[in-house]
1. Run the quick spin-label model on S39 and K199: label points 7 Å from Cα toward the beta carbon, then report their separation in nm to one decimal.
2. Sorting F59, F128 on the 10 Å Cβ count, fewest up front, what's the list?
3. At 0.36 nm per residue, and after removing the present C-alpha to C-alpha distance, how many nm does the segment from R123 to T215 gain when stretched out fully?
4. Within a 10 angstrom radius of the beta carbon, how do C167, C85 rank from fewest other beta carbons to most?
5. If you average the C-alpha positions of segment 40-112 and of segment 151-221 separately, how far apart do those two centres end up, in angstrom?
6. So which of K36/K130; K36/K200; K142/K200; K36/K199; K36/K208; K36/K166 end up more than 27 Å apart by C-alpha?
7. At 0.36 nm per residue, and after removing the present C-alpha to C-alpha distance, how many nm does the segment from I82 to H171 gain when stretched out fully?
8. Relative to a virtual label point 7 Å from the Cα of N140 in the Cα→beta-carbon direction, which members of segment 155-176 show backbone nitrogen distances below 20 Å?
Amino acid sequence: MFSISILCDAGRAYAVASEDRACRREGRLLMPMPIKLMSASIDGILLAETGLFRDDRGFITETWSEPVWREAGFNATFVQDIMSCSARGALRGMHYQIEPHGMGKLIRVVRGAVYDVAVDLRRGSPSFGKWFGVELSEANAKVVWIPAGFAHGFVSLEDDSLVYYKCDAAHTPEAERSLNWRCPDVGIEWPIEPVIVSKKDAAAPMLKDAEYNFTYAPQGA
């Protein structure tokens, strides 16, 4: 579904990965913890694997280290953090903010598991109207970056799933828009049937009626 591309010097990335493996074998904690960034099948979305150290006490991980992420090629500036708790089968989505208040989100699951989905709403994008989905969980410790220009949502796969977002724009109620999670023109394949959906999300417009004002710019352009 996606291809791996580590966005830092290849030699240093290999050295960091080798040191990380050595630390795991020897029970040592490597700080700062290394990350890997991976390009998803839709341009602009990134997946990340972050360091996670486990021992008989439990685990420790760095949820955010600006110098480490910047060295890996990630340069977003965050202004707001959000956390939600959801019951199994609860759906939140598909939400976005129109420009000039477009919001990018760096998303991880602190407890439980969710199926996280993004839909491309950027005019001119070769993947316009297409969706990308990934399971995020406490166990796999994956992180996903969804930039502005996408509708975002998830269904909770476990009770009391805690989802933690870092956002590069502030919540702006007048810019809030939504896309219907059941839109047939998008065709999201949810792994379980959502059974708890807010009235607002249930009444969200289909793609042909949704309001959006995003324009596609190829990554790196």
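1. 4.6
2. F59, F128
3. Value of the extension gain: 32.6 nm.
4. Starting with the residue having the fewest Cβ neighbours, the order is C85, C167.
5. Value for the Cα centre distance between the two parts: 15 Å.
6. K36/K200; K142/K200; K36/K199; K36/K208, as the Cα separations exceed 27 Å there.
7. My answer for the length gained is 31.1 nm.
8. Residues passing the 20 Å test: 155-166.
Read-outs throughout are calculated quantities, based only on the coordinates presented, and are distinct from any laboratory measurement. Keep in mind the model is a prediction, meaning the values are calculated, not measured. Virtual Cβ from ideal backbone geometry, glycine too; neighbours counted across all protein chains shown.
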